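Reading through the structure tokens given below for one structure.
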Amino acid sequence: MPGLDLVLYEEEFKQVDAELQKLHFQANSKVVFLVDKNGQLIASAGETQGIDTTSLASLTAGNIAATGGMAKLIGEKEFSILFHEGEKDNIHISVIGQRVILVVIFDQRSSLGLIRLRVKKASEILGRIFEDIVSKAEREREEGKVPESPFAEISDEDIDNLFK
Amino acid sequence: MSFINYSSREINCKIVYYGPGLGGKTTNLQYIYKKTNPEHKGKLISLATETERTLFFDFLPLALGDIRGFKVRFHLYTVPGQVFYDASRKLILKGVDGIVFVADSQIERMEANIESVENLRVNLQEQGYDLDKIPYSMQYNKRDLPNIAPLDEINKVLNPRNVTWFEAVAPEGTGVFDTLKSVAKQALFELKKKY
């Protein structure tokens, strides 16, 4: 299988969450969220009520994947920043460390310049956090240390129950 | 590539429905959406053309329940089946945990089925996956139509790995949940092997 699954523990989740809260506050944004490149929502901050974050996460990843495909066709590695301007709300999307996607939704209370500045700073920190997560997972794998799994005991019956 | 969040005690698995155009991939998702309780499903998103052909993908998030205290979420995707959308199909396969191949049972679609399985194998390889190892279920759809190929023949041609297969009539739901359950089971057992 290519790459490693993304496994996030309490401690790392807290670091990510704190960084998103900080970005949300400093950038004066409406919503900030972080998505895996495969479209799975990792964490969010801000006014997420009334927003379908699951769908938004999946479409964001599709969007990044599609523009990434376009980039390759013209000989670019990727387009690391996307910006969508609406009548009221705007979306700023950026790729961090080729692995996760940072999405910031903002309105007239903020500005593109401020968002870009704050996103840049937050990206550096988030990038380091995810680098640590990946290198920790690789280290543990090499040492043969496997985290205690909730799935070791999984049975046919457990799965059948999901589909009742 | 599943995502396990120990903080919110969630696990996400990505399941992709693959197959030739007009084979019934979107219909599978529509039936699952229709029959799932509102508290267990999100919105069904279809990025389709005006004539309802899938343009990029359909997406349906399901949260069917808990296993050992972990909320299990499945993200179901379809690919666009039409041959010329190959670039999009490749993108959707990224990070896949399990595949359902929806074959069109009609005799005149056999060649399209074969071409699509081959295309799946190549596209998976490009992402570093092996079709012979990945969680994988087959669905022989449209079994209610008159001009269909016999099951043993389809199976011989499309399913040399002999993975679990199901007969289906997707608009009526026949075989739809059986297929999903089969691939979900394999994907979760794959996690058990790894973690």
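The mean number of Cβ atoms from other chains found within 10 Å of a Cβ in peptide B:2-15 is 6, as a whole number. With Cα atoms defining each centre, the range B:162-195 and the range A:54-95 are spaced 32 Å apart in the structure. Rounded if a/c is under 1.5, else prolate if a/b beats b/c, else oblate: with a ≥ b ≥ c from the C-alpha gyration tensor eigenvalues square-rooted, which is the range A:10-144? Oblate is the answer for the range A:10-144, as a/c is 1.5 or above yet b/c matches or exceeds a/b. Computed over every Cα-Cα pair of the range B:46-134 and binned at 5 Å starting from 0, the pair-distance distribution P(r) comes out as 3, 12, 20, 21, 19, 13, 7, 3, 1, 0 percent. Each label was represented as a point 7 Å from its Cα along the Cα-to-Cβ direction; for residue A:89 and residue B:37 these points are 2.9 nm apart. Projecting label points 7 angstrom from Cα along Cα→Cβ for residue A:132 and residue B:130 puts them 3.6 nm apart. In this structure, the pairs whose alpha-carbon distance is over 23 Å, taken from A:30/A:72; B:14/B:34; B:94/B:193; A:22/B:71, are A:30/A:72; A:22/B:71. Size of the protein assembly as shown from its Cα atoms: along the principal axes, largest to smallest, the extents are 64, 47, 41 Å. With contacts taken as Cα pairs under 8 Å and at least 6 residues apart, the range A:30-118 reaches a relative contact order of 29 percent. Considering only B:77, B:85, B:17, the mean-square fluctuation computed in a Gaussian network model of chain B, springs between alpha carbons under 10 angstrom, is largest for B:85. Ignoring the sites themselves, chain A has its longest run without GluC sites (Glu not before Pro) in a DSSP loop having at most 10 other Cβ atoms within 10 Å at A:1-86.
Antiparallel DSSP bridges in the protein assembly as shown: what percent, to the nearest 5? That works out to approximately 65 percent antiparallel.
Modelled spin-label separation between residue A:140 and residue A:121, with each label point placed 7 Å from Cα along the Cα-to-Cβ direction: 3.2 nm.
Per-residue shielding of B:61-69, expressed as the average number of other chain Cβ atoms within 10 Å of the residue Cβ, stands at 5. If R0 is 35 Å, the Cβ-Cβ spacing of residue B:193 and residue B:50 corresponds to a FRET efficiency of close to 0.20.
Only the coordinates and a few stated rules stand behind these numbers; no lab work does. These numbers were taken from a predicted model, which means no experiment stands behind them. Cβ: placed from backbone, ideal geometry, glycine included. Neighbour counts: every protein chain shown.
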